[in-house]
Each structure stands twice: as structure tokens, then as C-alpha cells.
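*Asks:* Once you've had a glance at the structure underneath, I'll fire off some questions.
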Amino acid sequence: MIKMNQILDKRELAPRIKEVVVYNPKIASKVRAGQFIVVRVCEEGERIPLTVADWNRDKGTLNIVFQEVGVSTYKLGKLGVGDVIKDMVGPLGNPSEISLFGTVICVGGGVGVPAIYPIARELKGAGNKVVSIIGARSKDLLIYEEEMRRVSDELRVTTDDGSKGRKGFVSDELRDLLKSGLKVDRVITVGPAIMMKVCAEVTRPYNIKTIASLNPIMVCGMGMCAACRVEVAGKTRFVCFEGPEFDAHQVDFDVLLMRLNAYKAEEQMALKKFLEGGG
Ligand code: NAD
């Protein structure tokens, strides 16, 4: 019998980036594009927020893509098919706003690409023309390309080193697309905070509504701990229950970047200790 939170499938999408298919019919029945879950890998594990990349309501499964960056994601990466994730809470956060906007550009960077995939799919389903720009540092780190191609009217690819597609950042492609005169009604960005900051600056002069799905440090995921607070339009907002999506032109990305780096040294030390101890 299949157990709750059991891993039914697992694949390595790129070095240190994995996808697991997990059985959780309760979350799968409710989740919508743009929402996330909070996972605890084991009894003494920390809580980690992860975006849901896909789901199958009939099978009761969720696809979760994660990058092994810290102790908890390394532990998650060590679980295999048949193993059970201790806890999963969700769906959390607000779903993306899906309407007929017209032409929408979806910009996804790195591990943000699987997170933007269901949003692009729903936007396409709502009748929008979806132009997607996805990027990674190099060809081997580019993930969810085929999935994005399927749900986009047009897909543009960038890599920082030029090993696939245009050499450069996703924001360079966005800049050129807007310069070309394409009429764009909305831009959605999901990826590293610096990427979303740059994309917001690219669209600002054009006055195109730009949405960023923010990725702060998050602990409870339900509005109690305040770890995920960000500054939006000069006000403190909680990403977990007021977001994760905000008007990118109103987000203070410098505060977000500063807070994201606050525990870097401790995180690296914990990971070093974990790996030295045999992982
Ligand atoms: P990365 O550092 O490899 O960058 C991915 C791409 O982002 C690059 O290829 C480039 O096109 C763009 N980019 C990076 N730096 C840029 C800059 N200075 N200017 C313009 N564009 C730039 O990304 P990664 O290692 O895959 O990290 C993924 C990030 O995405 C993590 O920070 C993670 O927290 C975040 N993430 C966010 C969400 C969300 O919901 N917001 C979901 C999943 C992952």
C-alpha cells in the first residue's frame, strides 16, 4: 500500500538538482500554480519551503524540484523511491493570478524554471500568448526546457556561458525583446533574487506590470514566525501568506538579498559538518 508522503519516483535533472514525485492526495487535490509546500525531511529536520512544479490530482501526486544547497536538501536528495518524507504541509501561499492579460512573458532562472512552469501552463490555458525566457549558468544546469516549450507559444533560452541558446542572462533577452517593440501586458519572474531585481529594472521604464515570486528564508510558512518578511512599497509583508508573488516594481530587493545572505556562513558550516560526517 502506498504511504502518505512516499516517494514514488525520482530523477536527477542536473547535477545536484533532483525531482521527486511524492504521494500526498490531500495537497494534490488543492494545489494551484504559484503555491508552495513546507517539508520536514526527518523528525529533527528543519522546515524547508519548496515550490510545487507539477501535480496529478487523479494519482494524488506532487512533483517537487529542489537543489541540494544545504543540509536539509542534501538529506532530501538522499531519500529514494519508496522512502517517506516525514512531514509535508500545504498548499501554502496564494495561487498566481491567472487571467487573460494578453501577451505574458514568463522569465525563469535556474531552479526557478520548474516553479514558473505551472504558472506558464495556466496562463496559456487562460488564452494568453506566453513567451518564455529560461536560463541557467550552463547547458547542463538548464532544466524543464521541454516542459516550458510545451506550454509556451515561444521559448527563448539563455546560458551564462553560451553553452546553449543566447550567451547572457535571461534579463538580457528580456531587455532585447522589449526593445524590439513587442507589446507585452505582463511579466512574471521566478528565480534568484538578483535576477528578479534586474528583470524589474528592465520592465520599469516600459511600465509593464511585473510579478516576482519571492524566495526569502522561510520557517513556519504560515505567518507566525516572521522569518520571511520583506519590504514591499515601504511596508513589511510576509511572503508566506501575503505572497509569494508581489509587484516586482514595489519590492525592495536589496533588503531581500541582505536577509537571504544573513545565515550563509552558518549554513555553509552546517553543510561542511554534515558532509564531513559522511552525509
Ligand atoms: P543561478 O544563480 O544559476 O541563476 C539562474 C539564472 O538567473 C542565470 O542563468 C541568469 O539567467 C539569471 N541571473 C543570475 N544572476 C543574474 C544577474 N545578476 N542578473 C540577471 N540575471 C541573473 O540560479 P540557481 O542557482 O538555479 O538558483 C535558483 C534560485 O532560484 C535560488 O536562489 C532559489 O532560491 C530561487 N528559487 C526561487 C523560487 C521562487 O519561487 N521564487 C523557486 C525556486 C527557486
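The values are calculated or read from the model by the stated rules, or taken from the named source; none is laboratory data. Predicted model only: the values in this text are computed from it and were never measured. FYI the Cβ positions are ideal-geometry reconstructions off the backbone, even for glycines, and counts take in every protein chain you see. Accessible surface is based on the protein model in full, side chains and every heavy atom, while ligands, DNA and RNA are left aside. Shrake-Rupley method; radii C 1.70, N 1.55, O 1.52, S 1.80 Å.
*Asks:* Quick check on this structure: which one of VAL219, VAL232, VAL198 is within 12 Å of the ligand (Cβ to nearest atom) and over 16 Å from the mean Cα position of the chain (by Cα)? Break it down stepwise before answering.
*Replies:* Working: VAL219 fails: within 12 Å of the ligand (Cβ to nearest atom); VAL232 fails: within 12 Å of the ligand (Cβ to nearest atom).
Exactly one residue qualifies, and that residue is VAL198.
*Asks:* Return the only residue of ARG237, ARG229 being surrounded by fewer than 22 Cβ atoms within 10 Å (Cβ to Cβ) and more than 19 Å from THR51 (Cα to Cα).
*Replies:* Numbers: ARG229 fails: more than 19 Å from THR51 (Cα to Cα).
Result of the check over ARG237, ARG229: ARG237.
*Asks:* Got a sec? Which of SER96, SER72 is open to solvent by less than 50 Å² (accessible area, probe 1.4 Å) and within 12 Å of the ligand (Cβ to nearest atom)?
*Replies:* Going through SER96, SER72 in turn, just one is open to solvent by less than 50 Å² (accessible area, probe 1.4 Å) and within 12 Å of the ligand (Cβ to nearest atom): SER96.
*Asks:* On the given criteria, is SER132 away from the ligand (no atom under 11 Å from the Cβ), without any contact (Cβ under 8 Å) to a residue 12 or more places away in the chain and in the same structural domain as GLY223 (by TED's automatic domain parsing)?
*Replies:* The answer is no for SER132.
*Asks:* Now for a separate question. Taking strands (runs of 3 or more DSSP E) that do not extend beyond the stretch 1-114, which have at least 1 residues that are modelled with pLDDT of 95 or more and closer than 21 Å to PRO244 by Cα?
*Replies:* Details: elements: 7-14, 17-23, 36-40, 47-56, 61-67, 87-92, 103-109.
Once the strands (runs of 3 or more DSSP E) in the stretch 1-114 are filtered for at least 1 residues that are modelled with pLDDT of 95 or more and closer than 21 Å to PRO244 by Cα, what remains is 36-40, 47-56, 61-67, 87-92, 103-109.
*Asks:* While we're on this one: Please pick out the residue among SER152, SER180 that is surrounded by fewer than 16 Cβ atoms within 10 Å (Cβ to Cβ), more than 11 Å from the ligand (Cβ to nearest atom) and among the hydroxyl-bearing types (Ser, Thr, Tyr).
*Replies:* Exactly one of SER152, SER180 is surrounded by fewer than 16 Cβ atoms within 10 Å (Cβ to Cβ), more than 11 Å from the ligand (Cβ to nearest atom) and among the hydroxyl-bearing types (Ser, Thr, Tyr), namely SER180.
*Asks:* Given the condition in contact with a Lys or Arg (Cβ under 9 Å, 6 or more places away or on another chain), within 13 Å of the ligand (Cβ to nearest atom) and not β-branched (Val, Ile, Thr), answer yes or no: does some residue in the stretch 35-56 qualify?
*Replies:* Checking the stretch 35-56: not a single residue is in contact with a Lys or Arg (Cβ under 9 Å, 6 or more places away or on another chain), within 13 Å of the ligand (Cβ to nearest atom) and not β-branched (Val, Ile, Thr).
*Asks:* Given (1) more than 11 Å from the ligand (Cβ to nearest atom); (2) surrounded by 23 or more Cβ atoms within 10 Å (Cβ to Cβ); (3) of a type in the set (Ser, Thr, Tyr), identify the lone condition not met by TYR206.
*Replies:* Condition (2) is where TYR206 drops out.
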